[in-house]
Amino acid sequence: MVERPSAGVAGVAGVAVAVEDAAWLGAARSGDAAVASATVVGSVAASPAVDGADTSASPCVSDAGRASFTRVAADSFGYAPHFTTMIDFDKFLFFGEAPTVWLQDRIYDPDTVHWWDVCFTFIYTSHFIVPFAVAGVLWARSRDAFVKFSRRFVTLSAAGLATYIAFPAAPPWMASEQGLLPPIARSTARGWEVVNLHAAESFSKGQGIVNLVAAVPSLHAAFAMLTCLFLWSRVRWYWRPLLALYPLAMGFSLVATGEHYVFDILLGWTYTVIAVLVVNRVADRMHAPASRQD
């Protein structure tokens, strides 16, 4: 019988995520993708053993660095990024209007940071916190649920990697720079200006070192939907409206700030549904007999 890991172990997992991200960022700045890759592999190999089940923690702990590395790897293949597919889809869906352009014409003010700009920034940033917080809680409370969440998380990351390599795609703000759309501001960092200007500058610099044409699918949207679907049956009913709101708020924020098209959001949600309802459900059933024998 496997005992529940302690809260301290969950803390170690959280520290591992932070350390791995820091190591990767240093590698990315030096342009050494091999170092980033080694960091990911090393984190998997070095996961601490807990009651003989050490490797189950590896997927989520190492995935922060792996997701970042995949963006660098996808960029290194040198495929020409796609610009018009997403624009054409969004305009078809919204009767000739590009949603980001329409929204920024109405709510973006270059001279004033509004309360909704702060909300957009916090929602966008939650992508780098919420999945790992969920994983940490699951790790501490239920090993079985943690492993199931990890499978879905890693499946989405792998699907994102494959798509970034096969279909590098530019976000709306980049299409605007190329003259394919009217002026669009990349405004995901604006909310930090209210809290701390230095934080806004650091956030913008961080955005500049990742693969800028890894926009399809939106993993921000995918992981927000994963959090909603996975926790839906595991929380009390009064938490469910908030869960349902999270992927919607994330999608709206991504479009409003020029980070993603609606195309990217819908594809990210589709990837999540496939991962949760098809791929990993089969995997869960395959592992069920072994679990019952234990």
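Here is how the numbers come out for the structure above:
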| item | result |
| --- | --- |
| Condition broken by residue 167, with the remaining ones in (1) over 21 Å from residue 107 (Cα atoms); (2) at pLDDT below 75 satisfied | (2) |
| Unmet criterion (only one of (1) in contact with a Ser or Thr (Cβ under 8 Å, 6 or more places away or on another chain); (2) assigned to a loop (DSSP other than H, G, I, E, B)) for residue 110 | (1) |
| From 80, 158, 135, residue being assigned to a helix (DSSP H, G or I) and surrounded by fewer than 19 Cβ atoms within 10 Å (Cβ to Cβ) | 158 |
| Helices (runs of 4 or more DSSP H) enclosed by the stretch 188-259 - at least 2 residues per element that are within 16 Å of residue 270 (Cβ to Cβ) and modelled with pLDDT of 90 or more | 219-232, 240-256 |
| Hey, residue 267 modelled with pLDDT of 95 or more, among the hydrophobic types (A, V, I, L, M, F, W, C) and closer than 20 Å to residue 100 by Cβ or not | yes |
| Residue count for the stretch 110-128, restricted to those that are more than 23 Å from the chain's Cα centre (by Cα) and surrounded by 13 or more Cβ atoms within 10 Å (Cβ to Cβ) | 2 |
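The values are calculated or read from the model by the stated rules, or taken from the named source; none is laboratory data. Remember, it's a predicted structure, so these values are computed and weren't measured experimentally. Every residue, glycine as well, gets a Cβ built from its backbone with ideal geometry; the counts of neighbours run over all protein chains shown.
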